[in-house]
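The values are calculated or read from the model by the stated rules, or taken from the named source; none is laboratory data. Fair warning: this is a prediction, and the values are worked out from it, not measured in the lab. So basically every Cβ, Gly included, is an ideal-geometry build from the backbone, and we count neighbours across all protein chains shown. Accessible surface is based on the protein model in full, side chains and every heavy atom, while ligands, DNA and RNA are left aside. Shrake-Rupley method; radii C 1.70, N 1.55, O 1.52, S 1.80 Å.
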Amino acid sequence: MLKTFDEVLNKAKDYGPKKMAVAVAQAEDVLKAVEAARKEGLTNSILVGDENEIIQIAKKMDIEPTNYEIINRPDKTEATRCAVELVRNKKASMLMKGMVGTARLLKAILDKEIGLRTNKMLSHVYTLQIKGYDRLLTMTDGAMSISPDLKQKAQIIQNAIYYAHSMGIEKPKVAAVAALELVNPDMPATVDAACLAKMSERGQIVGGIVDGPLGFDNAISKEAALHKGIESPISGEVDIVLVPNIESGNIFAKSLVYLAKAVPAGLLLGAKAPVVLASRADSAQSKLYSIALGVLMSEMTENK
């Protein structure tokens, strides 16, 4: 089990360098992360975007442009489609979002002709390294699925479990959290959480252990669970937190990043290849960690 981003980075080096296509690469923070990933031996990137801008920014940052293949696509839509096609045609193993809106990227990923569709649902994972917690904590889904129903939540969990496997977590522990730990028909999130736990027991969700409903306190703290008389096989050892909706996930993750100084990294799952989908506000270091996670996921996907 990889418990820190440094461990993730070191493990990813064993599998690199992977070829990565960067959609609309002309941004300082993007090129900084891509260059760091090249130096770490994680990726050899194909930079797709406005070639003149890419070279100008690279030189400003003392990055040697000749270390990269650059495909000139000044139009952002064309650049995004080109990067996605590179992955679809197996000329790259993973995709990275550059200075392009998520909606435009998703449109290309979901395109029936050139996209990366699978029979899986697309979902986002946000992995956080939090001071005082003894492992990496992954939250899903605070960026993609607005208000998932029970069936969609099961798919989101399954995506996250496979992702956790790439980090060496053999049987990830998943907490389906809600405002309280008792099933209350007036609170649909608690009913869904209970169903998801039973689905896990019956083999409808595989590869991990799902429990819920759990309040966040008794999911993350065994002491809090015992204090409330809750016996759970995952309390205090949670690897994945399933949130009820996009608002709760977004607030949860950003609160930890901005108030608790947690270090984040993010990926889009469910496509034919991992997609590095970090926030544009994330640091270059966070983007580097996202790339490292993408390398691990790519290695697992390629060797299935």
Subject >> Relative contact order, percent, region 39-163 [alpha-carbon distance under 8 Å, six or more residues apart] >> reply: 16 percent
**OP:** Pop the C-beta distance of R202 and E237 into the FRET formula with R0 = 22 Å and round what comes out to the nearest 0.05.
**Re:** 0.50
**OP:** Over all directions, average the projected area of the Cα convex hull of region 1-95 and note it in nm².
**Re:** 6.3 nm²
Original post:
How many angstrom separate the Cα center of region 228-277 from the Cα center of region 1-73?
Top reply: 26 Å
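In Å², and per residue, what accessible area does region 149-301 have when probed at 1.4 Å with the other protein chains present?
Working: 6380 Å² over 153 residues.
So region 149-301 comes to 42 Å² accessible per residue, rounded to a whole number.
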Subject >> Euclidean distance between Cα centres, region 285-304 to region 94-136, Å >> reply: 12 Å
Original post:
Label K120 and L259 with points 7 Å out from Cα along Cα→Cβ: what is the distance between them in nm?
Top reply: 3.3 nm
Original post:
Which value in nm describes the separation of the simple spin-label points at K90 and L110, placed 7 Å from the Cα toward the beta carbon?
Top reply: 2.8 nm
Original post:
If each Cα of the chain is one equal point scatterer, what is log10 of I(q)/I(0) from the Debye formula at q = 0.08, 0.10, 0.12 Å⁻¹?
Top reply: -0.34, -0.53, -0.75
Original post:
Normalised by the residues of region 85-217, what does the relative contact order come to in percent, with Cα pairs under 8 Å and at least six apart?
Top reply: 17 percent
**OP:** Could you check how much of the accessible area of the chain is carbon and sulfur, as a whole percent, using a 1.4 Å probe?
**Re:** 50 percent
**OP:** For the chain, build the charge dipole from Cβ charges (+1 Lys, Arg; -1 Asp, Glu) around the Cα centre, then report which of C82, I251, S145 sits farthest towards its positive end.
**Re:** C82
Original post:
Hey, which of these cross-link pairs are over 30 Å Cα-Cα: K13/K173; K32/K254; K112/K173?
Top reply: K112/K173
Original post:
When the label point is put 7 Å from the Cα of S147 along its Cα-to-beta-carbon vector, which residues of region 175-209 have a backbone N closer than 14 Å?
Top reply: 187-189
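Compute the relative contact order of the chain as a whole-number percentage, counting only Cα pairs closer than 8 Å that sit 6 or more residues apart in sequence.
About 22 percent, as a whole number.
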**OP:** Give the accessible area for H165 in Å² (nearest 10); use a 1.4 Å probe, count only protein heavy atoms, and leave out ligands, DNA and RNA.
**Re:** 60 Å²
